[in-house]
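Notes for the one structure printed next.
Please treat every number below as a calculation from the coordinates, not as lab data. From a predicted model like this one, the values you see are computed outputs, not experimental measurements. Positions of Cβ are backbone-derived with ideal geometry, glycine not excepted, and every protein chain shown enters the neighbour counts.
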Amino acid sequence: MRISTSSDELLKTLQKLSKGTPARSTLPILSCVLFEVDSNGVSLRTTDLEITINCKMEASIEEPGSAAIPLQTLMDITNEMSDTRITLSVDEGQKVELITDSGTYDLMGKPVEEFPALPEADNRKASGIKANILKEIIQTTTFAISKDELKPALTGVLFRFQEKKLTVVATDGHRLVRYIRNDFEGKEFSGDVIIPKKFLNLMNTMLVANENIQIWMGDNNLTANIGGDIIFTRIIDERFPDFESVIPTDNDKEILVERSKLLSAVKRVSIFSNRSTQQIALEISTEKTIVRTEDPEKASKAREEIDTKLNGDDITVGYNAAYLKEVLMHLKSQNIVLHLKTAISAGLIYPEKQEPNCEVTMLLMPIRLND
């Protein structure tokens with residue numbers, strides 16, 4: 001195999017592909033990037049066995065072939081070059097030679113046959129989801145994904161595709177986000193699919209607003225095409241919990257508050273909370289809310305008062321400050337509405353005004369206060 005390209009083009013492609021290599025692996029071949037050169041052009045591929053990234057690269061082909069080359073070494077040397085022409089040559093013994101105007105660099109590749117095959121994309125169906133919608137969904141929901149590997153269904157985000165509606169849900173058992181699009185136009189695929197967090201985080205870095213994106217659902221894998229780059233990910237084959245049954249419909253206390261003021265107060269007061277529980281209390285009355293905390297272990301406490309409007313009886317409720325901060329940070333509206341019932345039941349948080357054709361619901365479980 002022998003190709004010639006610019007060092008900038010190679011570096012740009014390797015940086016995208018690096019997101020598909022594992023940080024640590026017992027399989028050395030997974031630290032490599034696979035080059036495949038034929039009459040169709042130059043393709044580069046990486047995988048961690050969960051996600052596979054395949055990219056095309058502009059290059060002059062001098063000799064077709066394939067090679068598995070250590071990605072990090074290739075990226076490190078390319079990163080240290082000013083933009084120059086680079087020739088990449090690999091012989092039958094897997095010896096790799098990089099040639100530029102100013103130097104020559106040798107390293108050893110690995111046997112191509114050890115590199116995992118492309119995932120099968122059988123029975124795949126188009127989803128119809130657009131790039132800007134997917135990016136908004138990712139930024140709104142992924143913070144609530146569970147880190148508990150013993151609950152695999154919760155380590156991803158549920159996408160429920162219907163003909164005219166898309167419902168997306170993430171939860172870790174302490175908080176839940178439900179995102180609904182009512183202007184969604186489904187294509188061939190309908191049904192539920194749980195998409196892993198790693199793939200969604202990757203999409204968030206690669207997606208550009210209004211960029212052309214195509215996503216297909218297969219039996220076991222999802223395939224995404226972004227500007228010619230193809231990403232495969234396995235789908236989490238588990239049943240997602242019945243989220244509708246945990247979203248209360250009878251919360252009768254309604255609190256209106258300016259989001260940034262509540263968030264700022266929670267950030268400041270939580271500095272003085274217990275490090276392990278991060279417990280804070282909201283004492284909500286007709287026209288004000290007191291945000292307070294106390295930690296007897298450190299002999300510290302804090303208290304702030306902010307303006308709010310309550311429709312209903314006074315209530316005092318406790319929350320994990322870290323969870324509450326994340327919920328508030330992932331809502332966009334200037335004002336938010338809290339719907340509460342009791343101090344020990346799930347609270348709902350909404351934007352005061354929902355975006356057109358979009359409905360965002362945040363659920364947060366309270367914690368019992370230490371009286």
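Observations on the structure shown:
- Förster-model FRET efficiency, 51 Å R0, Lys353 and Leu107, C-beta, rounded to 0.05: 0.30
- The stretch 200-359: relative contact order as a whole-number percent, Cα under 8 Å and 6+ apart: 20 percent
- Length gained on full extension, Asn220 to Glu114, computed as 0.36 nm times the residue gap minus the Cα-Cα distance: 35.9 nm.
- Spin-label model, Val246/Lys187: points 7 Å from Cα along the beta carbon direction are separated by 3.2 nm.
- Over the stretch 247-364 - Rg/Rh using Cα atoms and the Kirkwood inverse-distance radius: 0.96
- Counting only aspartates and glutamates at least 8 places from Lys301 when in the same chain, those with an alpha carbon closer than 20 Å to its own are Glu283, Asp371.
- Sparse-neighbourhood loop sites, trypsin sites (Lys or Arg not before Pro) in the stretch 1-74 - DSSP loop, at most 12 other Cβ within 10 angstrom: Arg24
- Extension gain (nm, one decimal) between Asp122 and Asn370, 0.36 nm per residue minus Cα-Cα: 83.8 nm
- Extension gain from Lys56 to Asp8, taking 0.36 nm per residue of separation minus the Cα-Cα distance: 15.9 nm
- Each Cα pair under 8 Å and six or more residues apart adds its sequence gap; the mean of these over the residue count of the chain is a relative contact order of 13 percent.
- The fewest-to-most ranking of Thr249, Thr13 by surrounding Cβ atoms within 10 Å reads Thr249, Thr13.
- Greater than 18 Å apart at Cα, pairs in Lys309/Lys341; Lys130/Lys165; Lys288/Lys309; Lys16/Lys110; Lys12/Lys197; Lys288/Lys332: Lys16/Lys110; Lys12/Lys197; Lys288/Lys332
- Entries in Lys147/Lys353; Lys325/Lys353; Lys56/Lys125 that, when Cα-Cα distance is taken, lie over 28 Å: Lys147/Lys353
- Cα centroid of the stretch 302-332 to Cα centroid of the stretch 213-255, whole Å: 28 Å
- Phi-based couplings in Hz for the stretch 34-51 (Karplus 6.51, -1.76, 1.60; Gly and Pro marked x): 8, 9, 10, 10, 8, 5, 7, x, 10, 10, 10, 9, 10, 7, 10, 6, 9, 10
- Calculated FRET efficiency for the pair Leu49/Ile344, C-beta based, R₀ 45 Å, to 0.05: 0.55
- Calculated FRET efficiency, Glu304 to Lys19, Cβ-Cβ distance, R0 = 51 Å: about 0.80 to the nearest 0.05.
- Neighbour-count order for Tyr179, Tyr319, Tyr350, Tyr105, fewest beta carbons within 10 angstrom listed first: Tyr105, Tyr350, Tyr179, Tyr319
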